[in-house]
Amino acid sequence: MKWLIRRVVKKGKGALQYEEDEHYGDELSMGRGGNQAIFVPDLRVALEHVRVRALPGGKKYRIESLIAAGVRINGHIE
C-alpha cells in the first residue's frame, strides 16, 4: 500500500509550504523516533506512539496506541 504524507509548514506571515513524502507498506507509524514514518518532535510523544493499519478493503483504518496512556482521536481517548 502507498501512503501519501503531507506536512504543512508555516513560512512567515500567513505563508504556508507543503512537503510531501510517500511511504510504502501495510502500516504507518508515528512518534518521536527517527525510524517513524511520521516524525513528531514533541517531547510528550513516545518514540513509538501510534500505528495506523489499513483494514481489508482499504476504506477503513485501525489506529492503535502503542503507549499505556492511549491516543486522543476526535476528542476521545482510544
Whether any residue in the range 20-28 is surrounded by 10 or more Cβ atoms within 10 Å (Cβ to Cβ) and of a type in the set (Phe, Trp, Tyr) is what I want to check.
no
If we ask which residues in the range 25-72 are farther than 22 Å from VAL9 by Cα, in contact with a Phe, Trp or Tyr (Cβ under 9 Å, 6 or more places away or on another chain) and of a type in the set (A, V, I, L, M), their number turns out to be 3
Tally time: how many residues in the range 51-78 are under 23 Å from LYS2 (Cβ atoms), in a strand (DSSP E or B) and touching a residue at least 12 places away in the same chain (Cβ under 8 Å)?
6
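Filter the range 31-50 down to the residues that are open to solvent by less than 50 Å² (accessible area, probe 1.4 Å) and either farther than 12 Å from TRP3 by Cβ or not in a loop (DSSP other than H, G, I, E, B) (or both) and list them by number. Spell out the reasoning first.
Here is the first cut: in the range 31-50, the residues open to solvent by less than 50 Å² (accessible area, probe 1.4 Å) are 31, 33, 36-38, 40, 45-46, 49-50.
Answer for the range 31-50, where residues must be open to solvent by less than 50 Å² (accessible area, probe 1.4 Å) and either farther than 12 Å from TRP3 by Cβ or not in a loop (DSSP other than H, G, I, E, B) (or both): GLY31, GLY33, GLN36, ILE38, VAL40, VAL45, ALA46, HIS49, VAL50.
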Residue hits (the range 31-61; over 12 Å from the mean Cα position of the chain (by Cα) and among the charged types (D, E, K, R)) are ASP42, ARG44, LYS59, LYS60
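The values are calculated or read from the model by the stated rules, or taken from the named source; none is laboratory data. Fair warning: this is a prediction, and the values are worked out from it, not measured in the lab. Positions of Cβ are backbone-derived with ideal geometry, glycine not excepted, and every protein chain shown enters the neighbour counts. To get the accessible areas, we keep the full protein, side chains included, count just its heavy atoms, and leave off ligands, DNA and RNA. Shrake-Rupley method; radii C 1.70, N 1.55, O 1.52, S 1.80 Å.
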